[in-house]
Amino acid sequence: MKRQREASEDTAAKLREHMVRTQIAGRDVRSPAVLKAMGHVPRHRFLPNDSLENAYGDHARPIGNGQTCSQPYIVAHMSDWADIGTEDRVLEIGTGSGYQAAIAAEIAHEVFTIELNATLARAAQNRLQKLGYTNIRFFTGDGYQGLAQFAPYDVILITAGAPELPEPLLEQLADNGRLVGPIGEEAQQLMKVRRTGARFETEHGIYVRFVPFVSNGFGSA
Ligand code: SAH
């Protein structure tokens, strides 16, 4: 049993190395910190019902409750584009499996993550604690309002498709802070908003497909 487990961890490590080489570095991700995190985090532990091949494949994977763990490249690209730094405090909306939170926690000082679905939130918290992460704080609820009590954040990652940028999240960006997230209904475009003082500058990125950001906050202003 033990030998079998070691053999499968060996296989996972090989598949992970291949994933980084072909899907991440092999595309356009250059940040050493992101490449190191992607090579380190055991993605298969976030996808316990998948084969190792599927866990390290070039796709998003189902995690139950109609939700998904994002494609490895998208996680790497968003972390790279948001330019997560070692001293940064990161807020993530949409914990899901916890995979993006783990990647961010490998790089940043501290990660705050909010998940709407209580079952997923509990599973992610258990998983990340078992994996030994001590710099991630977990919250259950609607992330539309962010977490004002711990603001400001150097980086905010939205990992669910939002019809528009939630105002409260922009307000919780630190000076020089970056928010990255998918905006749009069915197909979404990644957007980056950088705050400089009172100025907010928006950049448009690649098209992506995330599960929807579900909140009464949209359109209720
Ligand atoms: N970051 C995740 C992928 C997230 S999928 C990972 O790495 O696995 C999107 C997640 O956003 C889903 O789990 C969904 O339940 C959650 N979500 C949707 N609307 C939300 C909201 N208003 N607040 C917080 N989480 C939300």
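Computed values, structure above
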| read-out | value |
| --- | --- |
| Any chance GLN149 is more than 21 Å from PRO212 (Cα to Cα) and either open to solvent by less than 40 Å² (accessible area, probe 1.4 Å) or among the aliphatic types (A, V, I, L, M) (or both) | no |
| Pair list, Cβ under 7 Å, 6 or more apart: the stretch 93-114 residue within 26 Å of GLU164 (Cβ to Cβ) and without any contact (Cβ under 8 Å) to a residue 40 or more places away in the chain, other residue within 11 Å of the ligand (Cβ to nearest atom) and among the hydroxyl-bearing types (Ser, Thr, Tyr) | ALA101/THR95; ALA101/THR113; THR113/THR95; ILE114/THR95 |
| Members of the stretch 5-47 that are free of Cβ contacts under 8 Å to residues at least 60 places away in the same chain and not in a helix (DSSP H, G or I) | ALA25, GLY26, ARG27, ASP28, VAL29, ARG30, SER31, LEU47 |
| Pick from the stretch 184-221, criterion within 16 Å of the ligand (Cβ to nearest atom) and of a type in the set (Ser, Thr, Tyr), ranking: most open to solvent (accessible area, probe 1.4 Å) | SER220 |
| Filter result for TYR133 (at pLDDT 95 or above, out of contact with any Asp or Glu (no Cβ under 7 Å at 6 or more places or on another chain), open to solvent by 30 Å² or more (accessible area, probe 1.4 Å) and within 25 Å of ASN65 (Cα to Cα)) | yes |
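The values are calculated or read from the model by the stated rules, or taken from the named source; none is laboratory data. Predicted, not measured: the structure shown is a model, and the values here were computed from it. With ideal geometry, Cβ positions are generated from the backbone for all residues, glycine too; neighbour counts draw on all protein chains shown. Heads up: the accessible areas ignore ligands, DNA and RNA and are worked out on the full protein's heavy atoms, side chains in. Shrake-Rupley method; radii C 1.70, N 1.55, O 1.52, S 1.80 Å.
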